[in-house]
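A quick write-up on the structure given underneath.
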Amino acid sequence: MKVTLVGFMGAGKTTIGKLLSERLKTPFLDLDELIVEQVGMSIPEIFKKKGENEFRKIESSILKELLYQNRSFVLSTGGGTPTYLNNMELINQNSISVFLRTDFKTTWRRISSDENRPLVLLGKEKLLKLYLKRLPFYFKAKLIIDATFLSPVDTVLNIIKVL
Ligand code: S3P
């Protein structure tokens with residue numbers, strides 16, 4: 001089984017993904033980590049030295065490769081992954097997509113002081129705009145799980161119930 005978690009930065013995709021992979025006894029993959037491994041630079045470094053566009057190309061190509069492989073996984077994507085090219089369609093065609101929904105307030109509280117997320121430098125107002133712009137992509141997911149007020153364990157239980 002392939003499960004792909006989508007949602008904005010700070011939604012808990014990595015935390016939930018790891019827990020879910022344990023419960024499903026399926027390997028956990030983190031798209032950001034795979035990008036960092038492949039390029040040999042941190043995410044902020046990639047943004048700085050190669051630019052966001054190049055980051056998106058690498059991100060999309062690793063995503064595609066994973067989705068076309070014949071293996072099971074729980075994949076945590078980056079907040080921007082579903083909004084580029086036809087990534088969300090590919091995700092939906094080749095895996096069970098889960099939108100981890102959190103409100104912007106929660107998201108901002110979690111990410112505002114994170115130096116490993118270059119887009120945080122845009123500031124709260126621009127990020128809110130980006131959040132709103134991305135929602136329609138996230139809502140294309142097969143499953144929508146509201147994670148704002150739930151603990152990670154309860155969120156995972158809710159996902160398993162509907163998988
Ligand atoms: C991004 C989200 C990040 C990472 C990069 C860009 C985005 O992943 O891919 O900093 O465009 O929202 P997380 O959603 O895991 O923070």
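Read-outs throughout are calculated quantities, based only on the coordinates presented, and are distinct from any laboratory measurement. Being a predicted model, the structure only gives us computed values, none of them experimental. Methodologically, a virtual Cβ is constructed for each residue, glycine included, from the backbone with ideal geometry; neighbour enumeration extends over all protein chains shown.
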Just wondering, is there one or more residues in the range 101-113 that are under 16 Å from the mean Cα position of the chain (by Cα), part of a strand (DSSP E or B), surrounded by 18 or more Cβ atoms within 10 Å (Cβ to Cβ) and within 13 Å of the ligand (Cβ to nearest atom)? no
Pairs, first touching a residue at least 24 places away in the same chain (Cβ under 8 Å) and farther than 20 Å from L90 by Cβ in the range 125-149, second of a type in the set (G, A, S) and within 14 Å of the ligand (Cβ to nearest atom), C-beta under 8 Å, six or more apart: A147/G7; A147/A11; A147/G12
Odd one out for K161, checked against (1) more than 23 Å from E65 (Cα to Cα); (2) touching a residue at least 12 places away in the same chain (Cβ under 8 Å): (2)
Among I58, I91, I16, which is farther than 22 Å from P136 by Cα and either within 11 Å of the ligand (Cβ to nearest atom) or crowded, with 20+ Cβ neighbours inside 10 Å (or both)? I58
Note on the range 19-46: residues among the hydrophobic types (A, V, I, L, M, F, W, C) and either over 20 Å from P152 (Cα atoms) or within 11 Å of the ligand (Cβ to nearest atom) (or both) are L31, L34, I35, V36, V39, M41, I43, I46
